[in-house]
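Okay, structure first, notes after.
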Amino acid sequence: MECFSSPGWFCISNPSFIGLKSKKKYSLIRKCRSFNKVGSKCVSMSYTENESSSFSYKKLIHFALEETNTHTLLSPSPLQEKYSSLLAMDDKTELQMLSFEAPKIRLLRSLCIEGSDGMQVLDFAAFPKPEFDLPIFCANFFTTAKMNIIVLDLNPLHDIMDQEDYKEKYYKDLITLGLKYSKLLPWGGKLTSESLRFFSPIVIWTRFSSSPHNHSVLFSAFKDYYQAWLGLMDRSEGETDASQIACNCEAQHRYLTWRSEKDPGHGVLKRLIGEDLAKDVITKFLFNGVNELGNKTFLDYFPEYRCEDGKVNEKRSMIGKSFENRPWNARGEFIGDRVEIV
């Protein structure tokens, strides 16, 4: 199995809470908006800062929002009006969504799922505005009582296989960070060659059993990777050349087009809230921009997936190859031709 892009918890009554610096206890609540299309129900959620210390991805979102607010000015995204909270068709599983924007961030959003059976899913991402060629921060975590499937990366906006200057610009100083956590969180097994094009040399793709120690390592990795991404954002300068801005825009649209069509986490959403509502959340929230940043279709970008009838092939991989071992060496150089391909 390859990277699991999982389909939020953190609801607010006043977007200005992100400016709070006080350590005192506070409760943050936001009423959900009407969002009932196929039987899923809206719910009201709350989070208290000193809630139980038990394992929860809510803490990572809380950390990320507060940390982001020390680097830039966050404001609620217009998406927050529609995409806030959902109760799945089983009337037990909660889905909570948050979305923000900032001067250099087109969309910072989270979707978190907490099931009654102990399942937790986190999909947290930060997409830069087209004026910036920043990598896309990507955290996709799927957890049950016994196991975890994890992808954590600063997804390259441009192809690092062909554009060495882009790789040098954003990843040269992060290789050490990647090495640290690749030892603590070993490679998780087969990863298709098609998916590999969207990952960086510091990607953490791993699977491990649930334990306090492993979750502590994962939380540390998330915090270090996100702080690294914020550092890149701080140092980034906006592009003024119209052709380069258009290039950045198309690169992000290509990424969104791939994820909205082939992301393996879509099945979870479909089972929880139904196919129609899942498609809406995927295209208009999780991968918002796929209908706005460009006009090209999936088959325009990835013609190898075209079936004889003109439809998109449902296969995950057309090449039929996957990497059993990490395809980058300790210097961040791609060695895919020398690692085991299955």
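Some notes on this structure:
- Close Cβ contacts (under 6 Å, 6 or more residues apart or on different chains) running from residues in region 93-110 that are open to solvent by less than 10 Å² (accessible area, probe 1.4 Å) to residues that are aromatic (Phe, Trp, Tyr) and part of a loop (DSSP other than H, G, I, E, B) comprise Gln96/Trp9; Met97/Tyr83; Leu98/Phe10.
- Region 262-287, residues that are surrounded by fewer than 22 Cβ atoms within 10 Å (Cβ to Cβ), closer than 21 Å to Pro156 by Cα and at pLDDT 95 or above: Thr283, Phe285
- Of all the residues in region 124-156, those that are under 17 Å from Leu286 (Cα atoms) and of a type in the set (A, V, I, L, M, F, W, C) number 13.
- The residue pairs whose first member lies in region 291-311 and is in a loop (DSSP other than H, G, I, E, B), whose second member is open to solvent by 80 Å² or more (accessible area, probe 1.4 Å), and whose beta carbons are closer than 7 Å, counting only pairs six or more residues apart or on different chains, are Gly294/Glu250.
- Residue list for region 73-132, restricted to those being among the small types (Gly, Ala, Ser) and either under 19 Å from the mean Cα position of the chain (by Cα) or on the phi > 0 side of the Ramachandran plot (or both): Ser77, Ser84, Ser85, Ser99, Ala102, Ser110, Gly118, Ala125, Ala126
- In region 50-92, the residues that are β-branched (Val, Ile, Thr), surrounded by fewer than 20 Cβ atoms within 10 Å (Cβ to Cβ) and touching a strand residue (DSSP E or B) at 6+ places or on another chain (Cβ under 9 Å): Thr72
- Per-region count, region 185-217, residues surrounded by 16 or more Cβ atoms within 10 Å (Cβ to Cβ), at pLDDT 95 or above and either among the hydroxyl-bearing types (Ser, Thr, Tyr) or out of contact with any strand residue (DSSP E or B) (no Cβ under 9 Å at 6 or more places or on another chain) (or both): 2
- Selection within region 243-254 - open to solvent by 10 Å² or more (accessible area, probe 1.4 Å) and not charged (D, E, K, R): Ser243, Gln244, Ile245, Ala246, Cys247, Cys249, Ala251
- Yes/no for Phe323 being over 22 Å from the mean Cα position of the chain (by Cα), surrounded by 13 or more Cβ atoms within 10 Å (Cβ to Cβ) and at pLDDT below 95: no
- Count - residues of region 245-266 that are over 18 Å from the mean Cα position of the chain (by Cα) and of a type outside the set (A, V, I, L, M, F, W, C): 2
The values are calculated or read from the model by the stated rules, or taken from the named source; none is laboratory data. Because the structure is predicted, anything quoted here is derived from the model rather than measured. Because the Cβ atoms are built from the backbone with ideal geometry, glycine has one as well, and the counts that use them run over all protein chains shown. These area figures cover heavy atoms from the full protein model, side chains too; ligands, DNA and RNA do not enter into them. Shrake-Rupley method; radii C 1.70, N 1.55, O 1.52, S 1.80 Å.
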